[in-house]
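The values are calculated or read from the model by the stated rules, or taken from the named source; none is laboratory data. What you are looking at is a predicted structure, and each value in this text was computed from that prediction instead of being measured. Here Cβ is always computed from backbone atoms with ideal geometry, including for glycine, and neighbour counts include all displayed protein chains.
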Amino acid sequence: MRIAVAIKQVPARDSLLIPEAGGPWIRQEDLSFEINEPDAYALEAALQLRERAGGEVLALTVGPERAEKALREALAKGADRAIHILAPDELLRDAFVAAQNLAAAIGAESVDLTLTGLQSEDLGAGQTGVILAELLGVPHATIIMQVEPHEGGIRVRRELEGGWFQHIDMPLPAVLTIQSGISRLRYATLLGIKKARTKEIRRMEAASAPAGGARAEIVRLYPPPHTKQTQFLQGGASQVAAALVEKLRFEARVL
């Protein structure tokens, strides 16, 4: 089974996030970067599936030069080869653009199964995987907690609300978006890190402009304003309680 895994490099969770002055994104010089955590779980699911069913794991990313580090980490953990679609950061703020570039690369690889994380930790749109499936013209399922080979296809377990799950038999090829926590993440071994240096990373240029134009645009990024208002209610207990209920009902509108 040939499995493709889409990986995104995102700002590390402990990075200091400062909006650009008058710009639509955060200041890059203040950031350190890491693999998007849901994508790390997608990679782990792909590696475990290859261990059971055999085949190859192909890691892909769309991003600038620094995103190669994410691919090297994926190769060190066990991916067989990688494709780096070179693109500036601003192209990645539209899920359609990212999906279109991934579809162009994956479509040329005769992939049986494509895995992505459920969503990215920087934008959180949760759209790249489902758009990718539409562009590839294959079935998809989201919020996946388990993947097993099954009668020439796969059987997946989807997480639903309220602790419920849904089991689906799917044909291949297909696209799945993987939920964080599907299994325990592995660490790259010293041997894996050494092998990663010799594994192939093929580079290709991203499409400079998406067909039909961008679908989304970030106009402005700014921290929420800090507001605080304190009121002291005077009177006896019954008067204060009545006044509090009135404010919660008509001012805060939470009752």
Exercise for the section: Quick one: in region 109-140, of everything that is aliphatic (A, V, I, L, M) and closer than 19 Å to GLY63 by Cα, which residue is surrounded by the fewest Cβ atoms within 10 Å (Cβ to Cβ)? Expected result: ALA125
Handout entry: Residues of region 5-58 that turn out to be hydroxyl-bearing (Ser, Thr, Tyr) and modelled with pLDDT of 95 or more, as a count
Key = 1
Practice task
Taking ALA40 as meeting all but one of (1) out of contact with any helix residue (DSSP H, G or I) (no Cβ under 6 Å at 6 or more places or on another chain); (2) of a type outside the set (Asp, Glu); (3) over 19 Å from ALA196 (Cβ atoms), write down the number of the exception.
Solution key: (3)
Completion exercise
Selection from region 10-42 of residues in contact (Cβ under 8 Å) with a residue 24 or more places away in the chain and part of a helix (DSSP H, G or I) yields GLN28, GLU37, PRO38, ASP39, ALA40, TYR41, ALA42
Fill in the blank from the handout: Within region 63-105, of all residues that are of a type in the set (Val, Ile, Thr) and within 22 Å of LEU31 (Cβ to Cβ), the one modelled with the lowest pLDDT is VAL97
Exercise for the section: Could you check GLU161 against (1) more than 30 Å from GLU109 (Cβ to Cβ); (2) in contact (Cβ under 8 Å) with a residue 12 or more places away in the chain; (3) within 22 Å of the chain's Cα centre (by Cα) and say which number it fails? Expected result: (2)
Fill in the blank from the handout: With the first residue restricted to region 106-124 and required to be in contact (Cβ under 8 Å) with a residue 24 or more places away in the chain, and the second required to be in a loop (DSSP other than H, G, I, E, B) and of a type in the set (Val, Ile, Thr), Cβ contacts under 9 Å at 6 or more apart or on different chains are THR114/VAL138; THR116/ILE7; GLY117/ILE7; LEU123/ILE218
Practice task
State whether one or more residues within region 60-67 are in contact with a Ser or Thr (Cβ under 8 Å, 6 or more places away or on another chain), surrounded by 24 or more Cβ atoms within 10 Å (Cβ to Cβ) and of a type in the set (A, V, I, L, M).
Solution key: no
Completion exercise
Exactly one of ARG220, ARG203, ARG197, ARG186 is farther than 30 Å from LEU118 by Cβ and either in contact (Cβ under 8 Å) with a residue 40 or more places away in the chain or over 24 Å from the mean Cα position of the chain (by Cα) (or both), and that one is ARG197
Fill in the blank from the handout: Flagged in region 67-90 as out of contact with any Gly (no Cβ under 9 Å at 6 or more places or on another chain), more than 13 Å from ALA4 (Cβ to Cβ) and in contact (Cβ under 8 Å) with a residue 60 or more places away in the chain, in numbering order, are GLU68, LYS69, ARG72, GLU73, GLU90
Fill in the blank from the handout: Checked against (1) aliphatic (A, V, I, L, M); (2) crowded, with 17+ Cβ neighbours inside 10 Å; (3) over 12 Å from the mean Cα position of the chain (by Cα); (4) closer than 30 Å to LEU91 by Cβ, LEU172 satisfies every condition except (2)
Exercise for the section: Mind counting the residues in region 91-108 that are surrounded by fewer than 24 Cβ atoms within 10 Å (Cβ to Cβ) and within 11 Å of ALA125 (Cβ to Cβ)? Expected result: 4
